[in-house]
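A quick write-up on the structure given underneath.
All of the numbers you see were taken from the coordinates with simple rules; none came from a lab. Predicted model only: the values in this text are computed from it and were never measured. Note that each Cβ is placed from the backbone with ideal geometry, even for glycine, and that neighbours are counted across all protein chains shown.
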Amino acid sequence: MKRLIHAEIAAERLSEEQAAQPEGRFPLIAILDNIRSMYNVGSIFRTSDGARIEAIYTVGYTPHPPRKEIEKTALDATRTVPFKHFKTMAEAIADCRSKGMKIAALELTDKSRSIFDIGKGDFPMALVIGNEITGVSDEALALSDEAYSIPMFGAKHSLNVAVAYGVAVFECIRARSK
């Protein structure tokens, strides 16, 4: 086994111009619900580029590009992932519903399903990702069709928001490709 060098890795990837095109995107929109940290937002952009999702919607006081703090962790993924800012959750969800998307919150609720139970029929989907401290807002939960959670096996009940998003989005890709 040998580590691939940058040129070998780059030869297998889309160019930035190709990655920015709308064709062939994974049918998921990430809705960021009042996330505080620009670094978390940047990390979510970078993960979203890797998953080639349809778009990121920022809502409320969630920071959105252009911001140097977002770019620091996004590593230019703001150029390859479409994004749009909404003042309210209702506006963002209405936009997703107009595209025929199921609305799902990534949150611990009394009715949450494990993210590992997701299936092909759950797409296209808008996945609501909540605030680092308070989680998905009550407004977003009320507007969601269902909730998914990530099983946790230790003393802590949650992951960092950007890490949780990474787990969830790649589990979505795995489930849809079955």
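Just one of the numbered conditions (1) without any contact (Cβ under 8 Å) to a residue 12 or more places away in the chain; (2) closer than 27 Å to K120 by Cβ is not true of K68: (2).
Tell me the residue from L108, L141 that is closer than 14 Å to D33 by Cα and not in a strand (DSSP E or B), please.
Values: L108 fails: closer than 14 Å to D33 by Cα.
L141 is the lone residue from the list that is closer than 14 Å to D33 by Cα and not in a strand (DSSP E or B).
Considering (1) crowded, with 18+ Cβ neighbours inside 10 Å; (2) not in a helix (DSSP H, G or I); (3) not aliphatic (A, V, I, L, M), the lone condition that G42 does not fulfil carries the number (2). Evaluate segment 157-175: report whether one residue or more is buried (at least 20 other Cβ atoms within 10 Å of the Cβ), in contact with a Gly (Cβ under 8 Å, 6 or more places away or on another chain) and of a type outside the set (K, R). Checked segment 157-175: at least one residue is buried (at least 20 other Cβ atoms within 10 Å of the Cβ), in contact with a Gly (Cβ under 8 Å, 6 or more places away or on another chain) and of a type outside the set (K, R). Which one is surrounded by the fewest Cβ atoms within 10 Å (Cβ to Cβ), of the residues in segment 45-61 that are in a helix (DSSP H, G or I) and hydrophobic (A, V, I, L, M, F, W, C)? Across segment 45-61, the extreme among qualifying residues is A51.
Does Y165 meet the test of being among the aromatic types (F, W, Y) and closer than 16 Å to E54 by Cα? Here the answer is yes, as Y165 does meet what is asked.
May I ask you to list the residues in segment 1-20 that are part of a loop (DSSP other than H, G, I, E, B) and either more than 18 Å from the chain's Cα centre (by Cα) or surrounded by 15 or more Cβ atoms within 10 Å (Cβ to Cβ) (or both)?
Initial filter on segment 1-20 (part of a loop (DSSP other than H, G, I, E, B)): 1-5, 12-15, 20.
Correct list: M1, K2, R3, L4, I5, E12, R13, L14, S15.
When K99 is tested against the conditions (1) closer than 14 Å to A30 by Cβ; (2) touching a Ser or Thr at 6+ places or on another chain (Cβ under 7 Å); (3) surrounded by fewer than 15 Cβ atoms within 10 Å (Cβ to Cβ), the lone failure is (2). In the condition set (1) within 21 Å of F26 (Cβ to Cβ); (2) within 14 Å of the chain's Cα centre (by Cα), N160 is compliant with all but (1).
Please verify whether segment 84-94 includes one or more residues that are in a helix (DSSP H, G or I), farther than 25 Å from S177 by Cα, free of Cβ contacts under 8 Å to residues at least 40 places away in the same chain and not polar (S, T, N, Q).
Initial filter on segment 84-94 (in a helix (DSSP H, G or I)): 89-94.
Adding the requirement that they be farther than 25 Å from S177 by Cα leaves 89-94.
Imposing the further condition that a residue be free of Cβ contacts under 8 Å to residues at least 40 places away in the same chain reduces the set to 91, 94.
If we keep only those that are not polar (S, T, N, Q) too, we end up with 91, 94.
Scanning segment 84-94 turns up at least one residue that is in a helix (DSSP H, G or I), farther than 25 Å from S177 by Cα, free of Cβ contacts under 8 Å to residues at least 40 places away in the same chain and not polar (S, T, N, Q).
In segment 144-175, how many residues are touching an Asp or Glu at 6+ places or on another chain (Cβ under 6 Å) and either under 14 Å from L32 (Cα atoms) or hydroxyl-bearing (S, T, Y) (or both)? Write out each step before concluding.
Step one: filter segment 144-175 for residues touching an Asp or Glu at 6+ places or on another chain (Cβ under 6 Å), giving 147, 161.
So of that shortlist, the ones also either under 14 Å from L32 (Cα atoms) or hydroxyl-bearing (S, T, Y) (or both) come out as 161.
Count: 1.
For segment 21-39, the set of residues classified as out of contact with any strand residue (DSSP E or B) (no Cβ under 7 Å at 6 or more places or on another chain), assigned to a loop (DSSP other than H, G, I, E, B) and in contact (Cβ under 8 Å) with a residue 24 or more places away in the chain consists of P22, G24, S37, listed by residue number.
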